[in-house]
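One structure below.
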Amino acid sequence: MATAAPATKKSPAKTPSKAAASKPSAAKGPAKPMLLLLDGHSLAYRAFFALPVEKFSTTTGQPTNAVYGFTSMLINLLRDERPSHVAVAFDLSRQTWRSEEFADYKANRSASPADFKGQVELIKEVLAALRIDVLTAENYEADDVIATLTTRAEAEGMTVRICTGDRDALQLVTDAVTVLYPMRGVSDMTRFTPEAVQEKYGLTPSQYPDFAALRGDPSDNLPGIPGVGEKTATKWIREFGSLGELVDRVDEITGKAGDALRNSMSSVLQNRRLTELVRDVELTADPLELVAQPYDREAVHEIFDNLQFKVLRERLLETFEQADETSTEGFDVAGVRLGVGQVAGWLAAHAADTVGLSIRGRWTPGGGEVDTIAVADAAGVSAVIDVAALGPADDAAVGEWLADPLRPKVGHDLKAPVNALAARGWRVEGITCDTALAAYLALPGQRVFDLGDLVQRYLHRTLDARPVEEEEPAEQLTLEFPDAVTDTETAVEVDAVDAAAEEALALDRAEMIKALAVIDLAAVLQVSLVESGQQALLTAMELPVMDVLGRMERTGIAVDLPYLEDLRSTFDSEAQSAAAAAFAVLGHEVNLGSPKQLQVVLFDELNMPKTKKTKTGYTTDADALTALHDQTQHPFLTHLLRHRDVTKLKTTVEGLLKAVGDDGRIHTTYLQNIAATGRLSSTEPNLQNIPVRTDEGRRIRAAFVPGRGFDNLITADYSQIEMRIMAHLSEDVALIEAFRSGEDLHTAVAVRAFGVPASEVTPELRRRIKAMSYGLAYGLSAFGLSGQLKISVEEAREQMDAYFARFGGIRDYLRRAVDVARLEGYTQTLYGRRRYLPDLTSDHRQRRELAERAALNAPIQGSAADIIKVAMLNVQRRIDSEGLKSRLLLQVHDELLCEVAPGEQEKLTALLREEMAGAFPLEVDLDVSVGVGRSWDAAAH
Ligand code: DCT
Ligand code: MG
């Protein structure tokens, strides 16, 4: 029995199609309906082989080349063909009437490559988001479904476009049916009309399957005739008109070819039966029901986010912008640049309003320059403030307005512009929404928060000016009676001035549109945050954190420049001597940075055991070489690894040197909305990159020193914060007790889980127990654990069992965490920060397991991130309220770093301890250690 999706039928008449929604001109009358049919598997396969999988994979390792290529072809087809009806046919399995009739049918095909599997499901998800019907029929191939729909569509008077990578479909070509056949890659399509078939093969479409039967088809495992090629096959069909006629008069063919044909007659006839497409498969959908629908915007964003298709999403949105009634709308922008004296008036008139901002200028680390501030109110009134052309009264008014916490402001990604305003001497208070931060809370999995994208997604609008309605303007009358004077030169001058003015006006308009857009966007995002219970995270956490981060960026941290330069040359010469030592072992030089040359040295010259094979040979990545070194202890590897380490350190130091500003301080830039867990990161320099526990890391941190007028640096950090959060969340009695015993945690765990006396817990054992605690907390399997601890899987399983026998609450919590997240679709931190994990229900094992580990990790890492943010805010508030001169400088990992003003050390130490320990009332207390010194390293403890 044949089945076809979907079960629900749609009315062909009511819903306007995606293409039809682009308003075909009424004068032409309704265009003939056009059905676009795609062969899902054959195109997906084409795409898979046309696009390199290395270039098309998500950061989580999901291959996407087939999905990408298929979706790209689909978008092009929808754009170019503008079908009114559309469907995609898929094969269900390899078992069809053809394989029943001929057991060897397609039997030569190897199993689909591992990277291909799973992508078909993703393609179906894309199609569901685009609201395109997927049709299948048991016992039939997609080809037959297509042939059936084509036949019926033609009978209904529709035209048909078939896109497939299978030439058997050429038999369907008529004046009303065109086959689009992808040539090289996925963007070139050959259009097979009857004429094109004739031109290419010298045959009519109905002769094509006759010819194909004679030729055979290696890809379907259909045998050909020995000694008879395409030329002869074509000649015969042309001469006799059809295979039937040829069979009837087969004796007229003489010579070897004739004998071969007569010998192969039964396989030729079988080929012909198999090549014939079935035109009456029972389907539950009729061609007229396959109306093209407007796509499901939310679903498209979701699947494209998952697949990390940025360019394709833009192409899709752009292509169907006009078709989508709601998205064509831009913004009414009637505002102008405010003249001298008008700024104060505009701001006074908006004293009670929330004002949308868009700030234009140039941002530098911790500073910058502002050109204009575009402002808008919720009623759609907008204006532009030219910062360079402010009179004294206006200047004061802008300063007062910006600094007033009771005058609400909203904007997008304001940290950098606020730093630039600060450089101009303007403090900013009263930011009630930053749409980049609000979107980060609403869509934590996304990494880029572009205003235009968000406006599309949440407001279904574009950042364009809405065209002004063309009325009969009175001025036009005067234009019809132009001044008689036409001085060419003046006209040219006027044109140039006009062009410049036009350009300035366009810039101002773009800025005003952004100011208008953020107001509407903020409103929508705030509703969404209220719905998900994350409103307080925005107002009480992320927005104040943005303010503190901006202050830290502007303050920067002093460095000992001569020391840092020395350090660079030290690392440089260490790198050189490591290289020299490596060359001495080899007896010749080699480029240590070239994987190709290393492969030759390691595996050919030194005959080392082979590492994992990749596309470019045996891998020489850090993990593999470390393992190889553990295994062989080869001196070449010792020097090579040392060379790599030191080179990396040198790069880190160079990054720091490059970042030192004119004031002798490094002003890092914090990234507040990148990490899906809620953690902060930083760039230029990336502070996370400075190794934490190594000697070299300490040498680097020794370069950070107190600035002039400050005594010391003081650092305060949490110890074992993740395990404390784990104890709190799991309520595991043994773990809580281990913490409360006052013993060192990892030692206490060793004692409890494995019965080793505390005195026998060596640093190495402690390290292993620690790795085990964190590993299990983050979802490591026995297999993973065996790898980390370099023990057998069996041993790892035993240790896991012993661990969980004692800390059963942890195991129960971990299971529950994943189950709840699967059910709800997201995890939550102690503060209600969400992380959405749709892959928890994926059929794709790799993706599902990745999501499961994320579900364990996110609440713990995210809660740690929340806690340190709260601590940072409270520390800053206390510093302000107590009027201290000391300053917060950095936040990195679980650590806060401050500059101590003279006489404030005691106060600051106490304050840091109090505020960090008191940031959240965990079941087990937060432990804070504080250290003071003349450098970051000296302060470490
Ligand atoms: N971490 C991890 N796996 C490890 C070690 C550390 O995931 N094997 C993560 C979680 C904690 C964080 O890094 C900080 O590391 P440590 O300071 O080493 O952890 P700790 O529990 O604070 O241990 P210690 O008491 O030794 O500082
Ligand atoms: Mg620690």
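The values are calculated or read from the model by the stated rules, or taken from the named source; none is laboratory data. Note that the coordinates shown come from a computational prediction; the quantities given were computed from them, not determined experimentally. Backbone-built Cβ (ideal geometry, glycine too); neighbour counts: all protein chains shown.
Quick look at the values:
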item: Unique residue being buried (at least 22 other Cβ atoms within 10 Å of the Cβ) and away from ligand 1 (no atom under 16 Å from the Cβ) when the list is GLU904, GLU899; result: GLU899
item: Unique residue being within 16 Å of ligand 1 (Cβ to nearest atom) and surrounded by fewer than 19 Cβ atoms within 10 Å (Cβ to Cβ) when the list is ALA854, ALA917; result: ALA917
item: Of all residues in the range 872-896 being aliphatic (A, V, I, L, M) and within 16 Å of ligand 1 (Cβ to nearest atom), the one that is farthest from the chain's Cα centre (by Cα); result: LEU896
item: VAL160 being buried (at least 23 other Cβ atoms within 10 Å of the Cβ), under 28 Å from the mean Cα position of the chain (by Cα) and not in a loop (DSSP other than H, G, I, E, B); result: no
item: Within the range 366-393, tally of residues that are touching a Leu at 6+ places or on another chain (Cβ under 8 Å) and over 18 Å from VAL410 (Cβ atoms); result: 1
item: Every pair of residues 6+ apart whose Cβ atoms lie under 7 Å, when the first sits in the range 680-704 and is away from ligand 2 (no atom under 16 Å from the Cβ) while the second is part of a loop (DSSP other than H, G, I, E, B) and among the β-branched types (Val, Ile, Thr); result: SER681/ILE674; SER682/THR668; GLU684/THR668; PRO685/THR668; LEU687/THR668; ILE700/ILE690
item: Residue match in the range 175-188 (condition: closer than 23 Å to LEU269 by Cβ and of a type in the set (S, T, N, Q)); result: no
item: From ALA169, ALA213, ALA142, ALA147, residue being in contact with a Phe, Trp or Tyr (Cβ under 6 Å, 6 or more places away or on another chain) and in contact (Cβ under 8 Å) with a residue 40 or more places away in the chain; result: ALA142
item: Matching entry among ALA796, ALA805, ALA821 (being in a helix (DSSP H, G or I) and under 32 Å from the mean Cα position of the chain (by Cα)); result: ALA821
item: From the options ASP413, ASP395, ASP371, residue that is of a type in the set (Asp, Glu), part of a strand (DSSP E or B) and out of contact with any Cys (no Cβ under 8 Å at 6 or more places or on another chain); result: ASP371
item: Tally, over the range 686-731, of residues that are part of a helix (DSSP H, G or I), of a type in the set (Val, Ile, Thr) and within 15 Å of ligand 1 (Cβ to nearest atom); result: 2
item: Failed item in (1) farther than 30 Å from SER886 by Cβ; (2) within 16 Å of ligand 2 (Cβ to nearest atom), with THR715 passing the rest; result: (1)
item: Residue within the range 741-749 that is of a type in the set (Asp, Glu) and farther than 21 Å from ILE725 by Cα present; result: no
item: Count - residues of the range 99-111 that are in a loop (DSSP other than H, G, I, E, B) and in contact (Cβ under 8 Å) with a residue 40 or more places away in the chain; result: 7
item: Selection count where residues are surrounded by fewer than 18 Cβ atoms within 10 Å (Cβ to Cβ) and farther than 24 Å from LEU687 by Cα, scope the range 923-941; result: 2
item: Qualifying residue in the range 732-743 (condition: closer than 30 Å to SER886 by Cα, more than 16 Å from ligand 1 (Cβ to nearest atom) and not acidic (Asp, Glu)); result: no
item: Counted residues, the range 745-781 - those being more than 10 Å from ligand 1 (Cβ to nearest atom) and surrounded by fewer than 17 Cβ atoms within 10 Å (Cβ to Cβ); result: 11
item: Close pairs from the range 273-286: first more than 19 Å from ASP133 (Cβ to Cβ), partner in a loop (DSSP other than H, G, I, E, B) and aromatic (Phe, Trp, Tyr), Cβ under 7 Å, at least 6 apart; result: LEU274/PHE102; LEU274/TYR105; VAL278/TYR140
item: Options ASP663, ASP717: the member that is in contact with a Ser or Thr (Cβ under 8 Å, 6 or more places away or on another chain), under 21 Å from VAL559 (Cβ atoms) and not β-branched (Val, Ile, Thr); result: ASP717
item: Where THR683 falls short, out of the listed (1) more than 16 Å from ligand 1 (Cβ to nearest atom); (2) β-branched (Val, Ile, Thr); (3) in contact with a strand residue (DSSP E or B) (Cβ under 9 Å, 6 or more places away or on another chain); (4) more than 26 Å from TRP363 (Cβ to Cβ); result: (4)
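Yes or no, residue by residue, for (1) within 22 Å of ALA536 (Cα to Cα); (2) out of contact with any helix residue (DSSP H, G or I) (no Cβ under 6 Å at 6 or more places or on another chain); (3) of a type in the set (Asp, Glu):
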site	(1), (2), (3)
TYR826	yes, yes, no
THR829	yes, no, no
PRO838	no, yes, no
SER842	no, no, no
ARG845	no, yes, no
GLU882	no, yes, yes
ARG887	no, no, no
GLY903	no, yes, no
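Here's the yes/no breakdown for (1) at pLDDT below 90; (2) over 15 Å from ALA44 (Cα atoms):
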| position | (1), (2) |
| --- | --- |
| GLY61 | yes, yes |
| TYR68 | no, no |
| LEU74 | no, no |
| ARG82 | yes, yes |
| ARG94 | yes, yes |
| GLY118 | yes, no |
| LEU127 | no, no |
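The rows are residues; the columns are (1) surrounded by fewer than 17 Cβ atoms within 10 Å (Cβ to Cβ); (2) in a loop (DSSP other than H, G, I, E, B); (3) out of contact with any Leu (no Cβ under 6 Å at 6 or more places or on another chain).
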{"site": "LEU274", "(1), (2), (3)": "no, no, yes"}
{"site": "ASP280", "(1), (2), (3)": "yes, yes, yes"}
{"site": "THR284", "(1), (2), (3)": "yes, yes, yes"}
{"site": "LEU288", "(1), (2), (3)": "no, no, yes"}
{"site": "PRO294", "(1), (2), (3)": "no, yes, yes"}
{"site": "GLU302", "(1), (2), (3)": "no, no, yes"}
{"site": "ASN306", "(1), (2), (3)": "no, no, yes"}
{"site": "VAL311", "(1), (2), (3)": "yes, no, yes"}
{"site": "GLU314", "(1), (2), (3)": "yes, no, yes"}
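To keep it simple, each residue is scored yes or no on (1) buried (at least 23 other Cβ atoms within 10 Å of the Cβ); (2) under 17 Å from LYS117 (Cα atoms).
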| residue | (1), (2) |
| --- | --- |
| LEU35 | yes, no |
| ALA44 | yes, yes |
| GLU54 | no, yes |
| GLY61 | no, yes |
| VAL67 | yes, yes |
| SER72 | no, no |
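Yes/no per residue for (1) under 25 Å from TYR831 (Cα atoms); (2) more than 16 Å from ligand 2 (Cβ to nearest atom); (3) in contact (Cβ under 8 Å) with a residue 24 or more places away in the chain:
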site: GLU722; (1), (2), (3): yes, no, yes
site: ASP732; (1), (2), (3): yes, yes, yes
site: LEU735; (1), (2), (3): yes, yes, yes
site: PHE739; (1), (2), (3): yes, no, yes
site: GLU743; (1), (2), (3): no, no, no
site: HIS746; (1), (2), (3): no, no, yes
site: VAL749; (1), (2), (3): no, no, yes
site: LYS770; (1), (2), (3): no, no, yes
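The rows are residues; the columns are (1) closer than 30 Å to ASP695 by Cα; (2) not in a helix (DSSP H, G or I).
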{"position": "ALA504", "(1), (2)": "no, no"}
{"position": "ILE519", "(1), (2)": "no, no"}
{"position": "PRO544", "(1), (2)": "no, no"}
{"position": "LEU549", "(1), (2)": "yes, no"}
{"position": "GLU553", "(1), (2)": "yes, no"}
{"position": "GLU565", "(1), (2)": "yes, no"}
{"position": "SER577", "(1), (2)": "yes, no"}
{"position": "ASN591", "(1), (2)": "yes, yes"}
